Amino acid sequence: MVWSVQAQMAQKFEDGLVYKPTRYIQILKSQKKSEKLVMNRGFRDSTPFSNSASLSTSSLAGSNGVCMMRSTWRDEQHPSFLNFISCFLKENSFRLNIVPIAPDFIFNCGGLSVAFMFLTNWDGVDTESFYRKVQKLKEQFANFYVVITLPTKEQNDSLIHSYIKYGVRLGRPTFVPVRDLEMGFEKIVKIAHARGACKRQDALAKIKAEKEKSVQAMEIYLQVVTSIPGVDSHGANVLNQTIGSIEAIAKSSKEYLLETTDLSPTTAETITRFFRDPKFYLAPKID
């Protein structure tokens with residue numbers, strides 16, 4: 001039950017997202033079964049990837065954001081999986097940087113940072129150290145996810161047992177169990193992309209709200225200024241652009257109004273009297 005809820009929490013960030021298929025994914029899927037089994041074990045016994053320059057510069061566009069990969073995590077992975085990561089990021093317009101960071105990945109999308117811990121092999125994990133690191137990263141990053149490759153039921157049961165044993169609060173952080181490495185990284189990219197998209201939508205909504213507020217304020221401004229006898233909408237806009245606020249208009253002298261605007265002397269005189277002579281602005285207005 002714990003993991004079904006966790007899976008639902010992770011899935012809600014992926015609804016509506018479609019990623020472009022890559023030819024490399026198809027090639028990777030067709031590899032020999034023996035190599036696939038090694039990949040699912042996390043490549044712990046494989047040769048570390050050494051060509052860091054080609055990996056770090058493989059995705060240069062970065063229109064969707066930046067992916068930062070922990071350098072020591074990279075050294076533990078098989079070249080085939082690293083090539084898959086590079087191709088997948090490039091297809092989805094993410095720039096990849098290899099840096100010495102605490103989590104395994106940090107994605108910067110739409111002004112939002114999302115951190116990930118990606119455990120590619122659960123077997124033999126020191127659970128106490130693992131959950132201690134999870135707790136530490138959770139405190140450092142507001143948006144933090146733990147992705148774990150669990151190809152067998154035994155591994156899944158083991159993780160659930162440890163999850164309960166160490167008293168992890170549901171969703172703090174969110175655990176995302178996956179069946180294989182490729183699925184795990186695809187989940188990471190989709191979650192990061194979705195969170196960034198939500199952040200951008202929130203920013204756009206805020207800008208829209210501010211714009212609507214500004215329009216409403218301008219409407220009120222025009223209503224007040226055009227209530228002055230002899231001042232039409234053109235005159236109100238002129239005053240807004242040259243003088244500014246209603247308070248500034250009220251403090252302006254006739255001479256200053258004539259100097260800074262194209263209003264007539266009669267209108268300038270009316271404006272100064274309107275704000276300074278109670279007998280004038282309290283008197284009944286007859287059109």
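Here, each number is a calculation from the coordinates, and none is a lab measurement. On a predicted model such as this, the values are computed, not experimentally measured, just so you know. Neighbour counts run over all protein chains shown; Cβ positions are idealised from the backbone, glycine included.
For TYR166 and GLN201, what is the calculated FRET efficiency with R₀ set at 45 Å and r taken between the beta-carbons, to the nearest 0.05?
0.80
Once the Cβ-Cβ distance between HIS234 and GLU76 is put in as r, and R0 is 41 Å, what FRET efficiency do you end up with, to the nearest 0.05?
Result of the calculation: an efficiency of 0.05.
Under 12 Å from a point 7 Å along the Cα-to-Cβ line of ARG273: which residues of region 214-237 have their amide N that close?
Of the residues in region 214-237, 229-230 have backbone N under 12 Å from the label point off ARG273.
Provide the three semi-axes, in whole Å and in decreasing order, of the ellipsoid equivalent to region 226-281 as defined by the square roots of 5 times the Cα gyration tensor eigenvalues.
Those come to 15, 12, 11 Å.
R0 = 51 Å: FRET efficiency of SER158 with LYS208, Cβ-based, nearest 0.05?
After rounding to 0.05, the efficiency reads 0.55.
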